[in-house]
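Engineer: Pasting a structure below so you can have a look.
The values are calculated or read from the model by the stated rules, or taken from the named source; none is laboratory data. Model, not experiment: these values are computed from the prediction. Here the Cβ positions follow ideal geometry from the backbone for every residue, glycine too, while neighbour counts run over all protein chains shown.
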Amino acid sequence: MGDVVPLGGRSSRPAAMEPLWREVTGRRLRSRRHRLGQTLAETASRAGVSTQYLSELERGLKDPSSEVLAAVSGALGLTLLDLTTGAARELRARVATSPGSLRGPVALAA
């Protein structure tokens, strides 16, 4: 029989793991919204999504479609290209600061 693997929340992920795309983009969207002084409700309304969904997106809990990312980015005065290139730069910088700890095999459990 197989091993039992604990199914913890986000906090169970080791700190040295490469961040997920949804976490990086969410963090960047939240940072931009805060810099603009917008509330969740204002940005969500402009983007055509619910406040709860935007909150979950910013916390890296949702894997949004490109259409949703474009709508939220646009509500924040960004293009999808701005968001994705910024996220890619952030990931590249993180790998550059700790290259050995972020690479290696990854297994996903269903």
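Engineer: Please go through region 54-69 and pick out each residue that is surrounded by fewer than 18 Cβ atoms within 10 Å (Cβ to Cβ) and outside any loop (DSSP other than H, G, I, E, B).
Structural biologist: SER55, GLU56, SER66, GLU67, VAL68
Engineer: Please count how many residues of region 36-53 are crowded, with 16+ Cβ neighbours inside 10 Å and hydroxyl-bearing (Ser, Thr, Tyr).
Structural biologist: Adding up the residues that qualify gives 2.
Engineer: I need the full set of residues from region 70-110 which are part of a helix (DSSP H, G or I), among the small types (Gly, Ala, Ser) and at pLDDT 70 or above, in order please.
Structural biologist: ALA70, ALA71, SER73, GLY74, ALA75, GLY86, ALA87, ALA88, ALA93, ALA96
Engineer: Just give me the residues in region 22-38 being under 16 Å from ARG89 (Cβ atoms), of a type in the set (S, T, N, Q) and out of contact with any Gly (no Cβ under 9 Å at 6 or more places or on another chain), in sequence order.
Structural biologist: Within region 22-38, SER31 is the sole residue that qualifies.
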